[in-house]
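Only one structure is covered here, and it is reproduced in the block below.
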Amino acid sequence: MELTKKDKKVARQLIDNGLNKEFENGLNKAAAVLKNWNDKVNDNRDSYHILYKTIKDFDKHIARRYDGRIGSDYFNIVLEQLRDGLIKESDLNNFSEEVRQRLFGINKYLIE
């Protein structure tokens, strides 16, 4: 769906907010690996490899979703963030009615 200039501005803000939450999630996953290492759940080598894989997988996810994004990608990125719980339906209030209805309709379909 092609967004208006106003809707793109709203989408950019939501995408940035969602990306910030993605980073928080990635850091929490890395912290959990380090906690297990500190608690001696895993040895040094295993912890290093688990941490490396965690960071690498997270980086791939971030790159797939956000790198090289252009205005025509914004709708899908917002929809993915909504589906992943990074943004809430109430965050969509500043979009035009048409965009909101389309996002709600597709999200509802994906949840069912």
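Each reported figure results from applying straightforward, stated rules to the coordinates on display, with no laboratory input. None of these values were measured; they are calculated from a predicted model. Positions of Cβ are generated from backbone atoms using ideal geometry, with glycine treated the same way; all protein chains shown enter the neighbour counts.
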If the chain between ARG45 and HIS61 were fully extended at 0.36 nm per residue, the gain over the current Cα-Cα distance would be 3.3 nm
Counting C-alpha atoms alone, how compact is region 51-112: give Rg to one decimal and Dmax as a whole number, in angstrom.
13.7, 43
Can you run phi through the Karplus equation (6.51, -1.76, 1.60; θ = phi - 60°) for region 76-87 and list ³J(HN,Hα) in whole Hz, with x for Gly and Pro?
5, 5, 4, 4, 5, 5, 4, 4, 7, x, 7, 10
Let me know the Kirkwood hydrodynamic radius for the chain, please, with Cα pairs as the basis and the value in Å to one decimal.
15.7 Å
Tell me the angle of helix 44-66 to the major Cα principal axis of the chain, expressed in degrees between 0 and 90 and rounded to the nearest ten.
10 degrees
Once you place label points 7 Å from the Cα toward the Cβ at ASP73 and LYS21, how far apart are they in nm?
2.0 nm
Here the gain from full extension of GLU89 to ALA30, 0.36 nm per residue of separation minus their alpha-carbon distance, amounts to 18.4 nm
Likely footprinting exposure, ARG100, ARG65, fewest C-beta neighbours within 10 Å first
ARG100, ARG65
Rounded to the nearest 20 debye, what is the charge dipole size of region 5-111 about its Cα centre when +1 sits on each Lys and Arg Cβ and -1 on each Asp and Glu Cβ?
180 debye
Sorted by Cβ neighbour density within 10 Å, fewest at the top, the residues SER90, SER96:
SER90, SER96
Order of THR54, THR4 under a 10 Å beta carbon neighbour criterion, fewest first
THR4, THR54
